[in-house]
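Okay, so here's the structure we're looking at.
The values are calculated or read from the model by the stated rules, or taken from the named source; none is laboratory data. Fair warning: this is a prediction, and the values are worked out from it, not measured in the lab. Quick reminder, even Gly has a Cβ in these numbers, built from the backbone with ideal geometry, and neighbours come from all protein chains shown. When the accessible area is computed, the model is the full protein with side chains, heavy atoms only, and any ligands, DNA or RNA have been set aside. Shrake-Rupley method; radii C 1.70, N 1.55, O 1.52, S 1.80 Å.
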Amino acid sequence: MTPVGEPFSLRGRTAVVTGASSGLGARFATVLASAGARVFAAARRLDKLKELAGEDPLIHPAVCDVSREEDRVRLMETALDESGRIDVLVNNAGAPGAPRAEDESADAFAAVLAVNLVAPFHLARLLAEAPVPEAGRTRSVVNVSSVLGLVSGAPLGGAAYAASKAGLIGLTRELAGQWGRTGVRVNALAPGWFRSEMTDGLFSDERSRRWVERGTMLGRGGEPGELDGALLYLASDASSYCTGQVLTVDGGWTAR
């Protein structure tokens, strides 16, 4: 019998994590490295990436603006050239957009979709087109969506952000259907309210913090580490028979 923890191991694997310079992305890179993966941590801020890499020799900084096609191609080529394989892609990089639809121009709306939806599609396609690391081994794409891709977050959220995160869930299901027989699994992780650079104002303001607490069945926002298990499950062989799914970790926000 396989040891209980063995399917969660990522020893010998290579992972790419976008938006890894801070917040959830930095945590995701650390979690995958702690499971044994060689992690290419991608973001625009090299200084932050170097700090992260200094904490674990398995983490490699990779400067990348995911809104730029040439940067996305270079990121995946670098991971392949340096490690010879890509087993896991975590599409975490995201842009928030304006909270009020009437304050959001069409160009601004398109810019959010370029980061939150177009870039994940292109990166996933680049992974699917890369050489298969080894026979019988599946590869995993984890698209980081949001509860705002499932329900309205008004008065918070924003039209472009919600549309991009809902679109990412649709993209997840479609790519899973198209690529399942090729050994590429595609799933989405939908976090609720977790503290990060993007949500710092939400938690530092007493009224909005209480709004989060009232709306969750557990009466609080997410704590650091409460996405670790969900991410590792989707990235590893522990979820080898799971594709096209949305794993929601939100304290019960969407279950009401």
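Values for this structure:
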{"read-out": "Selection count, the stretch 225-256, where residues are assigned to a loop (DSSP other than H, G, I, E, B) and surrounded by 12 or more Cβ atoms within 10 Å (Cβ to Cβ)", "value": "11"}
{"read-out": "Selected residue (criterion: surrounded by the fewest Cβ atoms within 10 Å (Cβ to Cβ)) from residues of the stretch 31-54 that are over 22 Å from residue 229 (Cα atoms) and of a type in the set (D, E, K, R)", "value": "47"}
{"read-out": "Failed item, numbered, when residue 141 is tested on (1) part of a loop (DSSP other than H, G, I, E, B); (2) touching a residue at least 40 places away in the same chain (Cβ under 8 Å)", "value": "(1)"}
{"read-out": "Residues being open to solvent by 30 Å² or more (accessible area, probe 1.4 Å) and within 16 Å of residue 126 (Cβ to Cβ) - total across the stretch 178-194", "value": "3"}
{"read-out": "Residue match in the stretch 45-63 (condition: within 16 Å of residue 127 (Cα to Cα) and modelled with pLDDT of 95 or more)", "value": "no"}
{"read-out": "Residue pairs meeting the criteria (Cβ under 9 Å; at least 6 apart or on separate chains; first over 24 Å from residue 19 (Cα atoms), in the stretch 193-222; second modelled with pLDDT under 75 and loosely packed, with under 15 Cβ neighbours inside 10 Å)", "value": "208/201"}
{"read-out": "Single residue of the stretch 133-142 satisfying the filter (out of contact with any strand residue (DSSP E or B) (no Cβ under 8 Å at 6 or more places or on another chain) and over 26 Å from residue 190 (Cα atoms)) that is surrounded by the most Cβ atoms within 10 Å (Cβ to Cβ)", "value": "134"}
{"read-out": "Checklist (1) crowded, with 16+ Cβ neighbours inside 10 Å; (2) touching a helix residue (DSSP H, G or I) at 6+ places or on another chain (Cβ under 7 Å); (3) farther than 22 Å from residue 74 by Cβ applied to residue 121, failing item", "value": "(3)"}
{"read-out": "Out of 150, 127, sole residue that is open to solvent by 30 Å² or more (accessible area, probe 1.4 Å) and touching a residue at least 40 places away in the same chain (Cβ under 8 Å)", "value": "150"}
{"read-out": "Exclusive hit being of a type in the set (Ser, Thr, Tyr) and touching a helix residue (DSSP H, G or I) at 6+ places or on another chain (Cβ under 7 Å), set 67, 83", "value": "67"}
{"read-out": "Identity of the residue in the stretch 101-118, charged (D, E, K, R) and surrounded by fewer than 18 Cβ atoms within 10 Å (Cβ to Cβ), that ends up nearest to residue 88 (Cα to Cα)", "value": "107"}
{"read-out": "Cβ-Cβ under 7 Å pairs, at least 6 apart or on other chains, the stretch 31-42 side in a helix (DSSP H, G or I), far side surrounded by 23 or more Cβ atoms within 10 Å (Cβ to Cβ) and at pLDDT below 95", "value": "none"}
{"read-out": "Listing of helices (runs of 4 or more DSSP H) fully contained in the stretch 157-216 that carry 3 or more residues being at pLDDT below 85 and under 19 Å from the mean Cα position of the chain (by Cα)", "value": "none"}
{"read-out": "Qualifying residues in the stretch 144-156 (those that are part of a loop (DSSP other than H, G, I, E, B) and under 14 Å from the mean Cα position of the chain (by Cα)) - the one nearest to residue 117 (Cα to Cα)", "value": "145"}
{"read-out": "Output for the stretch 86-100, where each listed residue is open to solvent by 20 Å² or more (accessible area, probe 1.4 Å) and assigned to a strand (DSSP E or B)", "value": "none"}
{"read-out": "Among the residues listed as 83, 22, the single one being surrounded by 16 or more Cβ atoms within 10 Å (Cβ to Cβ) and within 26 Å of residue 117 (Cβ to Cβ)", "value": "22"}
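This table checks each residue for (1) open to solvent by 20 Å² or more (accessible area, probe 1.4 Å); (2) among the polar types (S, T, N, Q); (3) not in a helix (DSSP H, G or I).
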{"position": "11", "(1), (2), (3)": "yes, no, yes"}
{"position": "16", "(1), (2), (3)": "no, no, yes"}
{"position": "29", "(1), (2), (3)": "no, no, no"}
{"position": "56", "(1), (2), (3)": "yes, no, yes"}
{"position": "61", "(1), (2), (3)": "yes, no, yes"}
{"position": "70", "(1), (2), (3)": "yes, no, no"}
